[in-house]
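The values are calculated or read from the model by the stated rules, or taken from the named source; none is laboratory data. For clarity, every value in this text was computed on a predicted model and none was experimentally measured. Cβ placement follows ideal geometry from the backbone for every residue including glycine, while neighbour counts extend to all protein chains displayed. The protein model used for the area step is the full one, side chains on, heavy atoms only, and it has no ligands, DNA or RNA in it. Shrake-Rupley method; radii C 1.70, N 1.55, O 1.52, S 1.80 Å.
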Amino acid sequence: MSKYEFRPTRPHPAWIETPQEQWESWTWQLQNRITKLDDFKRISQVDSQFQVDLEDIARTQTDFDFAITPYYFSLIEMANSNCPIRKQAIPSSLENKKLDFELIDFPKEESMMPVPGLTHRYPDRAMLYTTHHCAVYCRFCTRKRKVSDASTALRSQQISQAVDYIRSTKQIREVILSGGDIFSLSNDALGELLDKVRSIEHVEIIRLGTRNLVTLPFRVTDQLVSIVKQFHPIYVHTHFNHPVECSLEAQQACLKLRRAGIQVNNHTVMLKGINDKVETLRELNQRLLLMGVQPYYIYHCDLTYGTSHFRTKISDDLGILRSLREKFDWSKDSSLPHYMVDTPGGGKIELF
Ligand SMILES: *Cc1c(COP(=O)(O)O)cnc(C)c1O
Ligand code: SF4
């Protein structure tokens, strides 16, 4: 038996009376997200273990909203102020610190848009951002300049324009549907979009970018899977950063996709004090493989404004990756993800 268990997530005491059926409903989870300072206040009244600095949250500049699903919140180790889930999801006034060399749009995605909402940087791949809504807003988000801002969602006429661009650009063989989070779309809207993209003859692969497997695994319903699997070959790219996120619920969501023939690849961002340790990454990778998920990329946290408290040094990252390769007997070479660094406007570079 594997030494890694996949445990069910116990709802935090604030939701102890919620019937299981509601708890497992993704719409209930979205409706009951923590989005206001008062929500934290209420929870700290219910749970004296929950250490939270309300004043610090209030001081955090608010151009990037916060939102946490009850499920993801329940993964937090309440009494631990360094909990890796807490650091990813609960706002901190450290986000106010903006350094001279940090940028609003670090990868220059906005300037590489032939049509609104579609970045075409690599000849054969194009990335379409439809919605900028996510179940949880990750505090280190590289796209926080627009993520959480509902006004930046593409209108249906702009989506048509983007699809027309893909149709008329023959060298595009892979389309990445992202955001935000593509599983924030309704089933119907996602089905319609997939139908349009799949009808383009030269599009071979469709990739879906979502963090719902991590932050709201209940979103992966049988109905969603039955829609998505009509459009093979489909790859789902997700974003687990820490072994604690690999719960039983997350495992079930990943396996559901895998059973429908959908390959799931994972991107991890190296985050200071969260996952920048050999043991943590080793366990994360093992757990991913046990969930049927292929580790794909580990990114250096890029130079997005207000993320310096998350950023490691590239030289330290490389040391960690070297130890991972040397110390452990990987079941196969391909299970060690590639280490990528994004450059300002120049695209990704593989450093390891
Ligand atoms: C990362 C990225 C891709 C996909 O790159 P892969 O190396 O295939 O994962 C495509 N377009 C843009 C704009 C990107 O940033
Ligand atoms: S899910 Fe992705 S796009 Fe959404 S906040 Fe997190 S990192 Fe940003």
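Tabulated results
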item: Among 300-313, 129-142, 12-25, the order from most to least packed when residues are scored by Cβ within 10 Å on average; result: 129-142, 300-313, 12-25
item: Mean separation of Cα contacts under 8 Å, 6 or more apart, over the residue count of the range 13-96: relative contact order %; result: 31 percent
item: Cut-off 13 Å (backbone N to label point 7 Å along Cα→Cβ of R173), residues of the range 335-350; result: none
item: Percent carbon-and-sulfur accessible area, the chain, ignoring ligands, DNA and RNA, probe 1.4 Å; result: 49 percent
item: For the range 95-162: rounded, prolate or oblate by the Cα gyration tensor [a/c cutoff 1.5]; result: oblate
item: Where only C-alpha atoms are counted, convex hull volume of the range 13-96 per residue in Å³; result: 91 Å³
item: Net charge of Cβ neighbours under 10 Å - reference E204; Lys, Arg +1; Asp, Glu -1; result: -2
item: Mean shadow area of the range 137-235 over all directions, Cα convex hull, nm²; result: 6.7 nm²
item: Coil-residue trypsin sites (Lys or Arg not before Pro) of the range 224-309, DSSP, other Cβ within 10 Å capped at 14; result: K277
item: Helix-only [θ]222 nm of the chain, DSSP H runs n ≥ 4, -39500 (n - 2.57) each, per residue, nearest 500; result: -9000 deg cm²/dmol
item: For the chain: accessible area per residue (Å², 1.4 Å); result: 45 Å²
item: Percent RCO, i.e. relative contact order, over the chain, from Cα pairs under 8 Å lying at least 6 residues apart; result: 16 percent
item: About the Cα centre, charge dipole magnitude for the chain (Lys/Arg +1, Asp/Glu -1 at Cβ), debye; result: 480 debye
item: Restricting the range 19-56 to trypsin sites (Lys or Arg not before Pro) in coil, as DSSP defines it, with at most 16 other Cβ within 10 Å; result: K36
item: Local net charge near D316, Cβ-Cβ under 12 Å (Lys/Arg +1, Asp/Glu -1); result: +3
item: Of K97/K229; K144/K256; K87/K196; K144/K313; K3/K272; K3/K36, pairs whose Cα-Cα distance is over 32 Å; result: K97/K229; K87/K196; K3/K36
